[in-house]
Structure formats: structure tokens, C-alpha cells
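Chemist: Submitted below is the structure of interest, expressed as C-alpha cells.
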2 protein chains.
Amino acid sequence: MYLPSWLSQLYRGLSRPIRRTTQPIWGSLSRSLVLSSQRRNPEFSSFVVRTNTCGELRSSHLGQEVTLCGWIQYRRQNTFLVLRDFHGLVQVIIPQDESAASVRKILCEAPMESVVQVSGTVISRPAGQENPKMPTGEIEIKVKTAELLNACKKLPFEIKDFMKKTEALRLQYRYLDLRSFQMQYNLRLRSQMVMKMRDYLCNLHGFVDIETPTLFKRTPGGAKEFLVPSREPGKFYSLPQSPQQFKQLLMVGGLDRYFQVARCYRDEGSRPDRQPEFTQIDIEMSFVDQTGIQSLIEGLLQYSWPNDKDPVVVPFPSMTFAEALATYGTDKPDTRFGMKKYLKRKDIESIRKFSADHFDQEILPVFLNTNRNWNSPVANFIRESKRPELIRLMETQEEDVVLLMAGEHNKACSLLGKLRLECADLLETRGVVLRDPTLFSFLWVVDFPLFLPKEENPRELESAHHPFTAPHPSDIHLLYTEPEKVRSQHYDLVLNGNEIGGGSIRIHNAELQRYILATLLKEDVKLLSHILQALDYGAPPHGGIALGLDRLICLVTGSPSIRDVIAFPKSFRGHDLMSNTPDSIPPEELKPYHIQVSWPTDSKAAKAH
Amino acid sequence: MYLPSWLSQLYRGLSRPIRRTTQPIWGSLSRSLVLSSQRRNPEFSSFVVRTNTCGELRSSHLGQEVTLCGWIQYRRQNTFLVLRDFHGLVQVIIPQDESAASVRKILCEAPMESVVQVSGTVISRPAGQENPKMPTGEIEIKVKTAELLNACKKLPFEIKDFMKKTEALRLQYRYLDLRSFQMQYNLRLRSQMVMKMRDYLCNLHGFVDIETPTLFKRTPGGAKEFLVPSREPGKFYSLPQSPQQFKQLLMVGGLDRYFQVARCYRDEGSRPDRQPEFTQIDIEMSFVDQTGIQSLIEGLLQYSWPNDKDPVVVPFPSMTFAEALATYGTDKPDTRFGMKKYLKRKDIESIRKFSADHFDQEILPVFLNTNRNWNSPVANFIRESKRPELIRLMETQEEDVVLLMAGEHNKACSLLGKLRLECADLLETRGVVLRDPTLFSFLWVVDFPLFLPKEENPRELESAHHPFTAPHPSDIHLLYTEPEKVRSQHYDLVLNGNEIGGGSIRIHNAELQRYILATLLKEDVKLLSHILQALDYGAPPHGGIALGLDRLICLVTGSPSIRDVIAFPKSFRGHDLMSNTPDSIPPEELKPYHIQVSWPTDSKAAKAH
């Protein structure tokens, strides 16, 4: 057996005090709604028939005549009715006197989730009947008039059970799902956070919001790009994966500081927690270096961070790609926790099994006894004299478990990185919370390799990110001798183990760009001749970044899936379950685009259809 | 000959004092940049290597050490150099002393449009050498160090002549065109105006910015929708013309106040001044009526209007569709001018010719003499006794010319409306400015018909706008008897003769929606079953509007084409001339989408390919 030249250690956890995530309730929304607008509260009732929102009423409104519009959430004994709008809930008293028979009839007969308009007076609840759990719990509405604006048919399920239903059902009736507190909170927080980002970029730092086309040309090697047939036979547009080329051209055009909340497209077929269309905060600047972009983004996140979370601390720590791989076994380490303390001996068996099942790898655990004897099958392979040095290197303490791995560096690191997360899962099922959901650990990962060996032919190179990434200034000489060793000026932003952004300083020199495209990457430069030409005509040095908005908002809101922060997401198979999208098209409507369907002939595909 | 039962009059002009459009110059940009940010000036030099922008330097900066980055705009006698960035121009003194030989070499040898970085001191220009036409004309830069950041190859044309070149050339080298003052001004004004709209909607009025999908389902009858093949055989997404269905579903979902700066798609083949993708300010509200939406939009435009224009006066005047057609011969009247005073007798001939050439119609001019005799061939057909009444009706005065038209009402009105614009063109070539480019005349046009007879089969009806438009409350009873007479709750916003927005109160009653779709429009309701179902489950009353952003910015900036307010527009044939888009795709890349190209077989189409 070959003895590992390299040892990886699963890091010792620094257990932090764990705060529970606040359970969202109707009413906390009203506070968070004013996130970005400290200077003024938005008028939620301008231009409409209501005078107030249901959720905003308090004791300070006592005696006011109000008109409210909302959905019937709940009715009790034909006496009380709880009315809901996006802002919250309010209790309405159904009048019992004979003169109000028509109002009573409307309010008692309307099915749940019907939309009504009521006018009346804000009054105190009788002493002892206040509801301290409800933000409007001190008051209720004494109704004078009521109007049924729209009756609700019997729903296929109780609305209050709806969130417990399968996701497919929630997506099919998305318009009902959107009425939930959680979806309202997520979408409104997203809107507010993006608004603050715009404020920061546009008003504070002079960025220009520029829309770039989505009907564009296929990128060289751009698999995963949706096609759009044009009316010219055989000619297609392509929906780009990012505005990369356009934002660089804007820099050449002197636009200087560009941003866009950009819709992007990626056709990856069926992948869980990916969407065929997604949104990125797309940024590019001229005359900037890596530090400049990083400071900009740190400021951006600090400025736009929701007020109901702990403030973002800047600057973010930074780590090289090599260091991240060596110590965390991944280029997107979750730095909320180290590793590890709490494994029991029987857990080791499940880790060995996980490793064998998922990676076809043998794990060799080392148990250190109080006397520092190595209780491990691997002990035989390590000379007695070397052991104290290894123990020192690994900073092990009594009762520690060390997982050793032998093999090719990157693969071994990667496996240990996955095991680290697996161990965290394991420990969290035991009630040890390692990954505090209220904690946001940002990390820059830098100095990525510029190229990677192609998977299908490791003797050829491909861009680790994209071909416009500039090489690290210290490594430029290696481009002509050992290009595989060149580091890039690419940087990733990682949050809690998720890549939420990535960018780079770009190549602004046409010759260098041509050399990399043609000689190193062997791409057809004709497809990018407009870029090469643009670099020749006075392109400034420039760089940028893109933040994945859906993922970021997903993490900020603590949502289990990015589908919970998108109003109308596609299912993991790329379907809109509400409208049955994608759908068949009659052949005559394909004619103007000079295409026809190639129906699969093999029985399997035909069956799938 | 049939005597006209209806008379249309070309309105008498109220000649207003004409202000000239300000010729934009570099430097007025710096003032307009702070449009939306009165409360704070953006920091244009944060995070980057420069200390200041070229355009911001004034006498107040005298003595400061500055670092500037920019393009070489101009060089004179190897002594002066004019440096340009997005903010403006500044004069740089090339040092002549021997010790600065390397700096001089850089600055004297760099080709025009090269990018340089210079550091030096802000000094006064010598007495008498100030340039009052240049915002930075009191100062210049005494350079200490200079660096060539990127050399510019010889351009295919002089950059200062560039704007005079053909539009095709400008589009091919769009990144150079973007360096022009005009494009910088247009794109920055667009960004600022949209930012203020967002501020108004989001921060002042509690709207939620929600992104809706662009990979959607084909709309019933939705020709002009681009298709996107999916990986399922025969199944296609469609790029929607607007987020109409989604915004209504958001209202059903209780999102209450939605807006989005939405990318929309329309495949109209080759049409001048249309783009296959365009942007609309898309808005929807619950519990609102027509007046509410109109007030919202008036406030929105007033709030976001650029400070360098006259303020927008609200409320906007309103006119019914019938009135607009009868008096202006169009549903989008240019109300900046009435009609008419200045026609000469020989102009009548050219109007007659225009009318004959374009509409195959005969025009009968009536010249009123001082004695009010009708000097016109039409005089014979009008009884002498009726003439004074007609003159009174038409409010004619001495020397007036009246153009009479006989025929079907709508067609006659439409022709006269076009003649009115033709007359305005004619008069403006004579130097009479009727359509003041600095004047912005907004107008609501309301009470459109709900349905129109289908062109191909006038006994069937189609929606005048879209099938979700609510009927006018006074006309609902006619739906079941004379649907063609029903007016709608649709409204258009017109600016200077251009439709810049349109919207409506929507149908929120499922039964009514079903009746209109199935019985009146004979649509396949299965394609919209999700909408009908949503209306059944507690849909609130709602309405909205969409503003065409490209057209609006085009009018605000006084640009000749919407291509001048879009960073990377398509040509009128839908091509991106810079990158050669759309482009061919290798057949193997079509395979995953189960499509193949149907090559045209006839020789003509084959030749076109």
C-alpha cells in the first residue's frame, strides 16, 4: 500500500451558541416591509378603494372609519371573521342586529378565501379578549357595510394545510401558494433587497443600469444554450447564459460602470434546484482590480442586507483555491463550522459505508487513545517515529478521530470535503447544530487555475471559467511554457458553502486574448471576431462579477429551495405545472421558422413522449 | 355623389413660442447625471485607480493631485492632449522638459482612442486661454506620470465623423458608437429615469418588483411569439409578448401591487423601428379602478421626469376613442398642435396627390373667401342654406382651408388624421414648427371598443386589445345582445402622437371570462384553464398598465429611433450586425431539441439563404 504523502484533517468544530431561526408569523412582515425605506414608509393604500391595510391597524387607529379589502381567512360561529391581506390579519365583528341582515348574510355566507370589502370603525377588543400573538390583536373592526367582491369556489384542499402538500400541488396552484405568509415574505424581501442593491450601485456609486439582449448568438462551445429559431431558414438566436460579452463591450464603449439585474438561461435538462431561467446581479467596471470589485461587493451586500438579520461584517475573509481544496476539500467551503468532536465509534461505520457506496473508496479511521497509540489498521503503514510529527501536524487532541485518505490530491481532498459535510449531517441528526441558519459566513476564494484539463481528453485544456478571464499577473510567463500551471484573476464569493457569485478581471489585450482562444483553447476565433476587434480599438482594463440572485435570496430567507424565492418556478424537469408548459405546437406554426420536429423512432423515447 | 354626413376639420393651430432643443455637449452630461440623486452625488471614482473623472474637474480642484483614466480624444502639436471619459473632457499638458521624455513619448505616440492613465496636478489655464465652452475649460492637468493602458489600432473611420456614418456601420461597431456623447446621455438618462420609477413604485407606494418567466406557453392566437424548443420531442416554450397572465395570477396570489421592468418578445419579422425584444414598465394592482391607475401613472411620470426638461403637468387630459377618431382621425393624437393656418394654394395640390397616391382617395378642398363663398367643386353638392350652419360647425375663419371627406366613418377619419400629420410635415418643411420637440403632450384615450370585427371574417369578433379586458360597466348588458357595441375599460396613454402605454381593468369573474373566451371569441378555453380556475379561487378586482420604455425614452431624449436608446439593438431585419446574429447551428446541436431545419425548396427562398 502506498502511504499518503498528504494528510487531510477534518477540522475541529468551534461550537458557537446557536440561535433559533425566528418562525415567521403574519405581522412580522409588516415590520420587514419597510426594510429599505427607513426614510419614509410606503403608502400601501394610495390609488385604491381601501383606506388601510388589514395588517397595519393598531390601537392608534381607534375610532377611525376604515375601508378594508381582503380574503376571508377564518370565520367563527358567524360572529367573528378574520380578514387577510398581504400585510396581515384583522378581526372583523359580524353585526348581529336585524338592521344589518344584508351585511351579515354576505359575511356569513361567503366561502373561505372569498374576497370582500368591508367598511367600519376600529374599536378596542373587550378587556381580556386581546390577542397578544396577533399584531392587530388589540383592536377589531365594527362593520357597517360589506361587499362580496368575488366568491371563492370550494378549494381542492384546506388553505391552511396547503404548505404541507406536495410541491407539485403547490406549483400547480401557485396562485394559492403565493398567498402564504412565507411566499409573500420571500418575494417582498427579494424585491426590497434588490431595490437597495440598485440604490447602492446607481445612486451611491454611479453605476448605469443597462439592458442587454437575450436574443443573441451561440457562444463557442456553448452547450446548454436554448435555441430560438428565426424566420431565416437555418438561422437561430440563442438565449445566453450571461451577458458576459455585452458587458465587456460596454466597457469598450466607455460605459465605465455597468450593472443589470439580468435574466439568464441555461438548458441543463432535469436538475434539481436549478432553473432554466435565473437571475444574476451582473456588474462590470473599468480601471478596476480584484480588490476593487471585492470591496464593491462587500459594500453592496452590507448595504442591502435585511435589517432583521445580523449586519454583514466586512471585509470578507479570503482563501486561495489551493488552500480551500486542501483544507475543506471543496472550492466552496462552508466556514460556519470547523470539524469535529462528537462522532461516536458506530458513526465511523456509517462514514465508511457512505464512502464505499458513493465513491468506491476505503476509509481508514485512526482513533487516538489517551496514550496516543494509533488504534487503526493504518498504523502498520506509518513508522512509529513519524507518528508524533503527524499528530503535531494534525493538531489532534485526545479522543479525536482522524480520517486518512490516500490517493490523487484533488480527488482525495474532494472526497474528504464531502465526508466533512456528511459528518455534519450526521451530527446534526444527533441534535448538534453545526450550521447555524442565522449565521452568514462569506468567503472569497481566489487564485483559481486558469485552465483545466478537458475531461474527455486531459491533454487538451479548457477554461476553468470562461476564456475572457485574465491570467494572474505573476503567472503570465507560464502561459507560453506551462499553461496548466497558470492561476487566474478569477474570484468566487461563497456563502455558507454555496457559490453565490463569481467574477474576474478580464483580458483587455487583443493579442493575449487571441493567443488564449486560438493557440491554447483551440477555439474558432471567427465566432468571437467582434470581441477581438473591440479589444483592439481602445478597450480599457476591466473586470466584474455576477451574483446569483435566486441562490442568495434562498440563503437569506432560509428557504429549502430556490423555487421558494421565485414567483413562478419551473419544476425540476423544467415544466410549469400550472399552465402545462412546454406544450405542443401545431406544425403549421413551425413553418415560419423553417423547422420540423424529428420524432424519435426508438420505442423508449416514443414511450416517454 | 353622396354628400358627407360627417365633416372633419383639421384643427386650427395655436402657435406656441418654440424653444430650440438644447444641443447636447460633453459636460451637460455631468449635470444631468445627478438627476435622481439630489440627496447625494454618486461617487464615480470609488473602488478604482482614478481619483477623479475627467469631466468633473473645475477651478475648485486647483492644486489637487489627481489620477485620471480615459481615452485620447485629440492631440495638438504634441503639446496638448484632450482626455475623455464618460463624464467629459479635460485638457492635459504634455511635458516638454527632458526629464519627462518617457511620459512625453507615451502621450505623443499613443494613437487616438487609446486608453491612458495620467497623474498630475490641476492647474489654472494661462490667462486668456480659458475655454468657456468646455465645462473644464478653466483648468488643465500638469502631468507627472503617464501609462498607456491599451493602444488603439487604426480605426476604420475618424471617430468624430462616426455619428454621420450609416446606421449599419454604427451598429457593426456599436462599442465605438457607445462612446459618443449622445449614446452615453441616452443610456444614462434611461437608467436614471427607470431608477426614479422604481423609487416611486417601490419605496413610495409599496409595489413589489417581481420577476416572471419568459419561458412560457404559447398564448391562444398568439402569433408573433418566438418559440423555444425543449428537450421533450415536439414540446416548445414560447417567449411571451408580455407578462399579462402572470401579473393577473400575482393579483390572485395576493401580491396586490406588482411591477416589473419586463423584457418582452414579439416576432414581427422585419419592421422598421420595432425590436424583437423590448422592455415595458409592467404594473398591476388589486382593488383599483381606471382613475386609480391613471393617477398612479401620472404621478410616476411626474416623479421620474428628467430635471432638465419642463416638469410634467398632471392630471393628463382624457379623450374617448370615438372623440379621438372623430377629431384627430387616430387613436393616438399628437395634441401638441391643432390645425391649420399656413397652407398655400399649391400645397393643396400636393395633399391631393398624397391622398390619391397613398389612399386612392379624392380630396375636396373648400376655400372660404372673405365673403364666405365656397370656392370649391364640392359647393355644388351643398345647399346654399346649409352652408352657414356648416361654417359655424367647423368654426372656420377667413382664409381657412377645409378638407372634406366622404366615406365610411372610421376610414374617412383615419385618412383625415393622416392628412393632418402630412400637412404638419409640409408646414414644418416651410419652417413653421408645429411639433415643438421640447413640449410633451400627454393624453389618455379611453372607452375603446371591447371587440373588433375580424379582418378576415368581419362577422366574427376578436379582442380589440386582449381577452382579459373588462367591459365598460355601463355596457355589460350589451354583451349578450350587441357585443360589437360594448366599450371596454381599456385606456391608452399617448405622448406626442405615440402610444406609450396601455392597460385596462381586467375581468375578475370566471363566468364572464369564460363567456367572452368561449362564446364570443370562440377560443379554445383549455389553453387558458389555469386562468379560469384562478379566477374561481378568490381573484380580487384588479387592473394594470404597461408603458413602452424604449419608446418613452426615445421621445424624452428626442432620439430619431428607438435604436438610439438601446445599448445593443437589432437592425430592422432583426439582426445583430456586430456579432452576426442570428447564425447557423450545426445539425448535431439541433438533435437534443428534436428539430431539424426544413430548407425551402423553391429557388427564391434558397437563393435568399
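Yes or no, residue by residue, for (1) among the hydroxyl-bearing types (S, T, Y); (2) within 30 Å of B:F44 (Cα to Cα); (3) more than 7 Å from chain B (Cβ to nearest Cβ):
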site	(1), (2), (3)
A:E167	no, no, yes
A:Q172	no, no, yes
A:R179	no, no, no
A:Q192	no, yes, yes
A:C202	no, yes, no
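Chemist: Which one of these does A:A534 not meet: (1) in contact with a Phe, Trp or Tyr (Cβ under 6 Å, 6 or more places away or on another chain); (2) of a type outside the set (S, T, Y); (3) more than 13 Å from chain B (Cβ to nearest Cβ)?
Modeler: Against the list (1) in contact with a Phe, Trp or Tyr (Cβ under 6 Å, 6 or more places away or on another chain); (2) of a type outside the set (S, T, Y); (3) more than 13 Å from chain B (Cβ to nearest Cβ), A:A534 comes up short only on (3).
Chemist: State all residues of the stretch B:503-536 that are under 26 Å from B:A322 (Cβ atoms) and outside any helix (DSSP H, G or I); if no residue qualifies, say none.
Modeler: B:G503, B:S504, B:I505, B:R506, B:I507, B:L521
Chemist: Does B:A151 count as within 12 Å of chain A (Cβ to nearest Cβ) and touching a residue at least 12 places away in the same chain (Cβ under 8 Å)?
Modeler: Numbers: within 12 Å of chain A (Cβ to nearest Cβ): yes; touching a residue at least 12 places away in the same chain (Cβ under 8 Å): yes.
Yes.
Chemist: Given the condition acidic (D, E) and over 31 Å from the mean Cα position of the chain (by Cα), answer yes or no: does some residue in the stretch A:423-446 qualify?
Modeler: No, there is no match, as no residue in the stretch A:423-446 is acidic (D, E) and over 31 Å from the mean Cα position of the chain (by Cα).
Results for (1) within 18 Å of B:V228 (Cβ to Cβ); (2) more than 22 Å from the chain's Cα centre (by Cα); (3) hydroxyl-bearing (S, T, Y), shown as yes or no for each residue.
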position: A:V208; (1), (2), (3): no, yes, no
position: A:P213; (1), (2), (3): yes, yes, no
position: A:K224; (1), (2), (3): yes, no, no
position: A:P240; (1), (2), (3): yes, no, no
position: A:V252; (1), (2), (3): no, yes, no
position: A:D267; (1), (2), (3): yes, no, no
position: A:M285; (1), (2), (3): no, yes, no
position: A:Q302; (1), (2), (3): no, no, no
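Chemist: Can you name every one of the helices (runs of 4 or more DSSP H) wholly within the stretch A:121-208 that holds 2 or more residues which are in contact with a Lys or Arg (Cβ under 9 Å, 6 or more places away or on another chain) and acidic (D, E)?
Modeler: none
Yes/no per residue for (1) touching a residue at least 12 places away in the same chain (Cβ under 8 Å); (2) acidic (D, E); (3) more than 29 Å from A:K570 (Cβ to Cβ); (4) away from every other protein chain (no Cβ under 11 Å):
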residue: A:S238; (1), (2), (3), (4): yes, no, no, no
residue: A:F278; (1), (2), (3), (4): yes, no, no, no
residue: A:V288; (1), (2), (3), (4): yes, no, yes, no
residue: A:K309; (1), (2), (3), (4): yes, no, no, yes
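Chemist: Cβ contacts < 8 Å: first residue at negative phi, restricted to the stretch B:312-339; second residue in a loop (DSSP other than H, G, I, E, B) and basic (K, R), any location; separation 6+ or different chain. Result?
Modeler: Filtered contacts from the stretch B:312-339: B:A324/B:K332; B:D334/B:R435; B:R336/B:R435; B:F337/B:R435; B:G338/B:R12; B:M339/B:R12.
Chemist: A:R487: among the charged types (D, E, K, R), within 14 Å of chain B (Cβ to nearest Cβ) and under 30 Å from B:V115 (Cβ atoms), yes or no?
Modeler: no
Chemist: Which residue out of B:L532, B:L512, B:L555 is under 34 Å from the mean Cα position of the chain (by Cα), surrounded by fewer than 22 Cβ atoms within 10 Å (Cβ to Cβ) and either closer than 30 Å to A:D85 by Cα or outside the structural domain of B:Q248 (by the TED database) (or both)?
Modeler: One residue alone meets the criteria, B:L532.
Chemist: Which of the residues spanning the stretch A:213-230 are at the interface with chain B (Cβ under 7 Å from one of its Cβ atoms) and either surrounded by fewer than 22 Cβ atoms within 10 Å (Cβ to Cβ) or of a type outside the set (S, T, N, Q) (or both)?
Modeler: If the condition is that a residue be at the interface with chain B (Cβ under 7 Å from one of its Cβ atoms) and either surrounded by fewer than 22 Cβ atoms within 10 Å (Cβ to Cβ) or of a type outside the set (S, T, N, Q) (or both), then A:P213, A:L215, A:F216, A:K217, A:R218, A:F226, A:L227, A:V228, A:P229 are the ones that fit.
Chemist: Further, regarding this structure: For A:F337, indicate whether it is at pLDDT 75 or above, in contact with a Lys or Arg (Cβ under 8 Å, 6 or more places away or on another chain) and either surrounded by 12 or more Cβ atoms within 10 Å (Cβ to Cβ) or within 30 Å of A:Y185 (Cα to Cα) (or both).
Modeler: Yes: the conditions hold for A:F337.
Chemist: Go through (1) at pLDDT below 95; (2) surrounded by 21 or more Cβ atoms within 10 Å (Cβ to Cβ); (3) in contact with a strand residue (DSSP E or B) (Cβ under 7 Å, 6 or more places away or on another chain) and name the single condition B:V122 misses.
Modeler: Against the list (1) at pLDDT below 95; (2) surrounded by 21 or more Cβ atoms within 10 Å (Cβ to Cβ); (3) in contact with a strand residue (DSSP E or B) (Cβ under 7 Å, 6 or more places away or on another chain), B:V122 comes up short only on (1).
Chemist: Within the stretch B:1-119, which strands (runs of 3 or more DSSP E) (wholly inside it) include 2 or more residues that are surrounded by 17 or more Cβ atoms within 10 Å (Cβ to Cβ), modelled with pLDDT of 50 or more and touching a Ser or Thr at 6+ places or on another chain (Cβ under 7 Å)?
Modeler: Those strands (runs of 3 or more DSSP E) span B:65-76, B:88-93.
Chemist: Of the residues B:R50, B:R58, which single one is basic (K, R) and either within 30 Å of B:D310 (Cβ to Cβ) or more than 14 Å from chain A (Cβ to nearest Cβ) (or both)?
Modeler: Testing whether each residue is basic (K, R) and either within 30 Å of B:D310 (Cβ to Cβ) or more than 14 Å from chain A (Cβ to nearest Cβ) (or both) leaves just B:R58.
Chemist: So which residues in the stretch A:537-572 are aliphatic (A, V, I, L, M), assigned to a helix (DSSP H, G or I), over 20 Å from A:Y491 (Cα atoms) and within 13 Å of another protein chain (Cβ to nearest Cβ)?
Modeler: A:I553, A:I562, A:V565
Chemist: On the basis of being assigned to a loop (DSSP other than H, G, I, E, B), in the same structural domain as B:H530 (by the TED database) and either out of contact with any Phe, Trp or Tyr (no Cβ under 9 Å at 6 or more places or on another chain) or of a type in the set (G, A, S) (or both), does B:T214 make the cut?
Modeler: No.
Chemist: Does A:I500 satisfy being under 23 Å from the mean Cα position of the chain (by Cα), assigned to a strand (DSSP E or B) and among the β-branched types (V, I, T)? Step through it out loud before you land on a result.
Modeler: Numbers: under 23 Å from the mean Cα position of the chain (by Cα): yes; assigned to a strand (DSSP E or B): yes; among the β-branched types (V, I, T): yes.
Considered against the rule, which asks whether it is under 23 Å from the mean Cα position of the chain (by Cα), assigned to a strand (DSSP E or B) and among the β-branched types (V, I, T), A:I500 comes out as yes.
Chemist: Among the numbered criteria (1) part of a loop (DSSP other than H, G, I, E, B); (2) more than 7 Å from chain B (Cβ to nearest Cβ), which single criterion is violated by A:G254?
Modeler: Of (1) part of a loop (DSSP other than H, G, I, E, B); (2) more than 7 Å from chain B (Cβ to nearest Cβ), only one is false for A:G254: (2).
Chemist: Restrict the check to the stretch A:472-495 and report whether at least one residue is closer than 30 Å to A:V312 by Cβ and assigned to a loop (DSSP other than H, G, I, E, B).
Modeler: Yes, there is a match, as at least one residue in the stretch A:472-495 is closer than 30 Å to A:V312 by Cβ and assigned to a loop (DSSP other than H, G, I, E, B).
Chemist: Shifting gears a bit: For the stretch A:276-308, give me the residue count where each residue is assigned to a loop (DSSP other than H, G, I, E, B), among the charged types (D, E, K, R) and at pLDDT 95 or above.
Modeler: Within the stretch A:276-308, residues that are assigned to a loop (DSSP other than H, G, I, E, B), among the charged types (D, E, K, R) and at pLDDT 95 or above number 1.
Chemist: Moving on. Of all the residues that make up the stretch B:291-307, how many are within 11 Å of chain A (Cβ to nearest Cβ) and either under 15 Å from B:A546 (Cα atoms) or of a type outside the set (S, T, N, Q) (or both)?
Modeler: Here the count works out to 9.
Chemist: In the stretch A:297-313, which residue that is of a type in the set (A, V, I, L, M, F, W, C), out of contact with any Leu (no Cβ under 7 Å at 6 or more places or on another chain) and farther than 22 Å from A:R263 by Cβ is surrounded by the fewest Cβ atoms within 10 Å (Cβ to Cβ)?
Modeler: A:V313
The values are calculated or read from the model by the stated rules, or taken from the named source; none is laboratory data. No experiment lies behind these values; they were computed from the predicted model shown. When we count neighbours, we look across all protein chains shown, and the Cβ atoms used for this are built from the backbone with ideal geometry, even at glycine.
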